[in-house]
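Before any comments, here is the structure.
The values are calculated or read from the model by the stated rules, or taken from the named source; none is laboratory data. The structure displayed is predicted, hence computed values, not measured ones. No Cβ is skipped: glycine too gets one built from the backbone with ideal geometry, and neighbour counts run over all protein chains shown. Surface accessibility is based on the protein's heavy atoms, side chains included, excluding ligands, DNA and RNA. Shrake-Rupley method; radii C 1.70, N 1.55, O 1.52, S 1.80 Å.
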Amino acid sequence: MAALTEWKVPPANQPRPGDYSFDLDRALAAVVGLHSIIPADAFSAETLGTERAGNGVLIDDGLVLTIGYLITEAETVWLHLGDGRVMQGHPLGFDFESGFGLVQALGHLDIEPLPLGSSAATKIGDRVVLGGAGGRTRSVASRIAAKQEFAGYWEYLLDEAIFTHPAHPNWGGTGLISGRGELIGIGSLQLEREREGKAEHVNMIVPIDLLTPVLDDLRKFGRVNKPARPWLGMFTTEIDNRVVVVGLAGKGPAAGAEIKTGDVILAVNGDKITSQTGFYRKLWSLGPAGVDVPLTVYHDGVTFDVVLSSVDRAKLLKAPRLH
C-alpha cells in the first residue's frame, strides 16, 4: 500500500539516536503499519470508512496493540513490517472504554516486542518519541504537553489522557515511547489547541496503564468480560456549559427516538447536566447497557422528557471472521 511508505516527517521533528539512552532503532522496529478492509455494510463504515490505515506496536509474540477504530469490524487486516514484508493479521479484540484494539499476526514477525512502561510515571515536559511504522523518518521527537481529562463526542471519556507536541501527522496507532524505551501509550487523535495566541496541533494518546486490567480479557474474549456501558448513539459537544447534540448514529437509540441535531441535553434522570463529562458519568452510573435512560431535552423553545432504551454498541458491530 503506497500511502504507508511515501511520506516522511520533517527532518527537524525526527528523533535522533544520540538524544536517547535506549536503542531508538530497535524500539521503533516494533512499530508496524496496519491496513484494514471493512465490509461496506458494517455499522462503522459510514463514519470510519471501509479502508483504514495506521500503525500498531508489537507488545508480545505476534500480538500487536493499536487504536481500536482502525480494526473495528475489519474482515481483513494486513501488517506492514519494516523490512518490506506484509503479513495478514486477525482482529482479536476491541475495548470501547479505553479505545485499544488488538491484532494477532498470522505468522512469525521476527521482531522484538516493545516492553510496556508506566504512563502514570510520566510528567509534563518529558521527552518522548511518537513511533510510526517505518522507523525514524516516520516518527516524531515530541514532549508531553499535558495530562488531563478528555471527552470524545462519541460517548467516550478518559480520566487522564496524554497530549504530546509536536504532533505526529499519521497519528492513529502510533506508539508513545518513554525516555526508558518503553511503550507508554497509543496515538488516537490529532487536536488543535491555542497557545500564546497561535493554533498548534497536539496528539491525544491513550495511556498504556489502561491496557493492563483488560489485556487478558481482550485476548480471551475479544472484549472486556463485564457488562457493557449503556450507549445512546448520540454525538455531542459542550458549548457554554451546555451539552448539545451534533449528530446521531444510525440504528442507535437516540436516532430512533425524538432526539434531533441541535437539541440540548438538560438533565439525565432528573439531574441537571452542564458538561459532557458530567453527562457521560451520569449516563454510565444508571446501570449496564439495556437500562432505560430518562433525559430532559430542550428543542426549539420547548423542553420535554424522553426515555431512551440504551444498548450495548458492540451488538451492532460485525464480528471478526476467523481465517
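Listing for the model above:
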read-out: Solvent-accessible area, 1.4 Å probe, carbon plus sulfur percent, for the chain; value: 50 percent
read-out: Segment 157-252 shape via C-alpha gyration tensor axes, a/c threshold 1.5; value: oblate
read-out: Candidate lysines - alpha carbon under 27 Å from Lys123, same-chain residues fewer than 8 apart omitted; value: Lys147, Lys198
read-out: Segment 96-197, relative contact order [Cα under 8 Å, separation at least 6], %; value: 26 percent
read-out: Magnitude of the charge dipole, segment 203-264, Cβ model with Lys/Arg +1 and Asp/Glu -1, debye to 20; value: 320 debye
read-out: Cα→Cβ-extended label distance, 7 Å offset, between Asp159 and Leu317, nm; value: 2.3 nm
read-out: Relative contact order computed over segment 196-321 (Cα-Cα under 8 Å; 6+ residues apart), in percent; value: 22 percent
read-out: Helix axis angle, 276-285 relative to the chain longest principal axis, alpha carbon, degrees; value: 80 degrees
read-out: Under 24 Å from Lys315, Cα to Cα: lysines that are on another chain or at least 8 residues apart; value: Lys220, Lys226, Lys251, Lys260, Lys282
read-out: Magnitude of the charge dipole, the chain, Cβ model with Lys/Arg +1 and Asp/Glu -1, debye to 20; value: 280 debye
read-out: Three-way shape call for segment 203-245 based on the alpha-carbon gyration tensor, with the a/c threshold at 1.5; value: oblate
read-out: The chain - accessible surface per residue (Å², probe 1.4 Å); value: 46 Å²
